[in-house]
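A short write-up of the structure that comes next.
Taken together, the values in this text are just the output of simple stated rules run on the coordinates, not laboratory data. Since we're looking at a predicted model, the values are computed, not measured. For neighbour counting, all protein chains shown are included, and Cβ atoms are generated from backbone atoms with ideal geometry for every residue, glycine included.
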Amino acid sequence: MRNTGDWKTEKPVLDKEKCISCMTCWAYCPDTCILVEDGKLVGHDLDHCKGCGICAAVCPPKISAITMEKSR
């Protein structure tokens, strides 16, 4: 698979302590970059993530486990 995430200006950052693994981000990610193991969110595939921020936008507001920060 070709790396396509090099041009992003922002990247998602997961706070694993806050995450409830609701999988809303997984369902909405247009690039299938949400990494899941044993039914729990474990991170993002940053080699293919384009930094769109959809995962952070759909993370439940009371949880806010995913935030966006500057890339590089």
Under 5 Å from the placed amide H of I34, counting only residues 5+ away or on other chains, we find D45
Convert each backbone phi in region 60-68 into a coupling constant with the Karplus relation 6.51 cos²θ - 1.76 cosθ + 1.60 (shift: θ = phi - 60°), then list the ³J(HN,Hα) values in order as whole Hz, x for Gly and Pro. x, x, 6, 9, 6, 7, 10, 10, 9
Can you check what the net charge comes to around C22, using other residues whose Cβ is under 12 Å from the Cβ of C22 (Lys, Arg +1; Asp, Glu -1)? +3
Run the numbers on the chain and let me know its relative contact order in percent, using alpha-carbon pairs under 8 Å that are six or more apart. 47 percent
Using each residue's phi in region 13-19, evaluate 6.51 cos²θ - 1.76 cosθ + 1.60 at θ = phi - 60° and report the 3J(HN,Hα) Karplus result to the nearest Hz, with x for Gly and Pro. 10, 9, 9, 4, 5, 8, 4
Given the convex hull of the Cα atoms of the chain, what is a quarter of its surface area in nm²? 4.7 nm²
Near the amide H of E10, under 5 Å away, which other amide H atoms are found, from residues 5 or more places off or on another chain, if H is placed in the peptide plane? S71
Can you give the helix-only mean residue ellipticity at 222 nm for the chain, where every DSSP H stretch with n ≥ 4 adds -39500 (n - 2.57) and the sum goes over all residues, rounded to the nearest 500 deg cm²/dmol? -2500 deg cm²/dmol
